[in-house]
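J.: The following block contains the structure, expressed as structure tokens.
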Amino acid sequence: MATRGAVSADRGQTAGRGHGSLAKVTVNLTPRALQALGEVAEITGDSKTDTINRALQLYAFVEKTIAKGGSVHLRESADSELQQIRFF
């Protein structure tokens, strides 16, 4: 699978999940990021495109929340303690 290339835009396609047109972007992924992408796409059943779109939206939400003085917390299992997620 190729993970290198130039950035380009294509506004003529329709997006998955009915969210308007798509912009085509090529990115360089580290092996770790590529593995994570495959894992999440397999877990959710989403395409890699939808997985990347959702990940970027979540990342934007997290960054906006932190910028406003908020915080993000995660509980790894039903019986584990709530932990604050820290981004560096």
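J.: Which members of the range 64-88 meet the condition of being outside any loop (DSSP other than H, G, I, E, B) and loosely packed, with under 12 Cβ neighbours inside 10 Å?
T.: K64, A67, H73, L74, Q83, Q84, I85
J.: Tell me yes or no: at least one residue of the range 28-51 is modelled with pLDDT of 95 or more, surrounded by 10 or more Cβ atoms within 10 Å (Cβ to Cβ), part of a helix (DSSP H, G or I) and basic (K, R).
T.: Yes.
J.: Out of R17, R4, R11, I need the residue that is touching a strand residue (DSSP E or B) at 6+ places or on another chain (Cβ under 7 Å) and either of a type in the set (F, W, Y) or modelled with pLDDT under 65 (or both). Which one?
T.: Only one candidate passes the filter, namely R11.
J.: Now, a different point. When you look at F61, is it exposed (fewer than 10 other Cβ atoms within 10 Å of the Cβ), farther than 19 Å from T26 by Cβ and among the aromatic types (F, W, Y), yes or no?
T.: no
The values are calculated or read from the model by the stated rules, or taken from the named source; none is laboratory data. Everything numeric in this text was worked out from a predicted model, so none of it was measured. So basically every Cβ, Gly included, is an ideal-geometry build from the backbone, and we count neighbours across all protein chains shown.
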